[in-house]
Amino acid sequence: MFTSSIASYPDRGPFGNNKYRGNCTGHIVSDLIDNYLPVGGLFVDPAIGGGTSCDVAASKGIRFFGTDLHSGFNLLVDDLLTTVGEQANLILFHPPYGSMIPYSGNMWGVEHKHDMSRLSDEDFKAALKLALHNISDATLPGGHYAVLMGNQRRKGVYINWSSITEALAPDPLCDEIIKLQHNVASDSSSYRKPIVKIMHEKLLVFRRSPNRNTVVSLEQYVSTLENNLAQELLVTLRRVMQCSSWSEAEILSLISNVYAQTSLHIDWQGLVQKLLTSHHFINHNGRFSLA
Ligand SMILES: C[S@@+](CC[C@H](N)C(=O)[O-])C[C@H]1O[C@@H](n2cnc3c(N)ncnc32)[C@H](O)[C@@H]1O
């Protein structure tokens, strides 16, 4: 059982196939179950990989449904709830960490166009969001789903897949467990420059909200668009006014490229005027500066 937000399992335990690349320790699955699965509840894993969660579930004698793209279930095409037959109390999703380890055509079968490990970064993000919605819909309201996700560094850029997961999930985060990594492949690599080795993954636990579905999520997203745009514009105005005062015409000219490039029908002038008359700014003879 998790008793703090840090977990470390130097010995991965006897669960699943330890040759399946990117496999996880069964201990974290066991702790997750102990914290979040009610007695008699159903535990689901839609991407079992080498079967770690199957073995943990069997050792605990709990109700379990596990599948994977290698077994014919596709999170990007199939409805998880229909496949399982009932909403789960707890779902564990351990996705590929972007394209870090390819699965189809490497760990199993031939290359599959919906294998999440074979997508570009942008397509992976879209696929991750779709998978998270599918998983949320297959979770009982009030139940939980957890995503085990690691980050990666590619050509000097840190790709924070766990933060991206947090932003894409349609339900509130209720726990974040930092799991220390042991025996990672990069341990044996030598680098020309000193680097900070990534030695952790995150287990993000989300609580399924009642009354949410993908259309409600879209409605919420659209309703925040206008507010987000105003926030971004306000930050831009405040930042440029930290350097000098500006007239309205100068501000509009400064951001003219931004609105020339978008096809969104936005009253940019009206929005700028509204923000300039807010309490953040003072108008001195037609020139605006910070209040
Ligand atoms: C990190 S591995 C899971 C490892 C597993 N937890 C273990 O301990 O062995 C990720 C899995 O996601 C699966 N996967 C990739 N794309 C998928 C998709 N579209 N639907 C379902 N599973 C997918 C891969 O086949 C792979 O087995």
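The values are calculated or read from the model by the stated rules, or taken from the named source; none is laboratory data. Remember, it's a predicted structure, so these values are computed and weren't measured experimentally. Note: ideal-geometry Cβ built from the backbone for every residue, glycine included; neighbour counts use all protein chains shown.
Structure data summary
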read-out	value
Single unsatisfied condition, N257 versus (1) more than 24 Å from V222 (Cα to Cα); (2) outside any loop (DSSP other than H, G, I, E, B)	(1)
Elements of type strands (runs of 3 or more DSSP E) in region 145-252, at least 3 residues being exposed (fewer than 14 other Cβ atoms within 10 Å of the Cβ) and in the same structural domain as G13 (by TED's automatic domain parsing)	173-180
Residue within region 24-39 that is surrounded by fewer than 16 Cβ atoms within 10 Å (Cβ to Cβ), touching a Gly at 6+ places or on another chain (Cβ under 6 Å) and at pLDDT 95 or above present	no
Residues located in region 275-290, provided they are exposed (fewer than 13 other Cβ atoms within 10 Å of the Cβ) and not in a strand (DSSP E or B)	T277, S278, H279, N285, G286
Region 65-105: number of residues that are β-branched (V, I, T) and near the ligand (Cβ under 9 Å from one of its atoms)	3
Residues satisfying the stated conditions in region 92-132, i.e. among the acidic types (D, E) and either touching a strand residue (DSSP E or B) at 6+ places or on another chain (Cβ under 9 Å) or not in a helix (DSSP H, G or I) (or both)	E111, D115, D121
Among residues of region 134-144, those that are assigned to a strand (DSSP E or B) and among the β-branched types (V, I, T), counted	1
For R153: the one exception among (1) farther than 25 Å from A7 by Cα; (2) at pLDDT below 95	(1)
Residue count, region 61-95 (criterion: among the charged types (D, E, K, R) and more than 21 Å from T214 (Cα to Cα))	2
Set D115, D137, D79: member being over 22 Å from K202 (Cβ atoms) and crowded, with 19+ Cβ neighbours inside 10 Å	D115
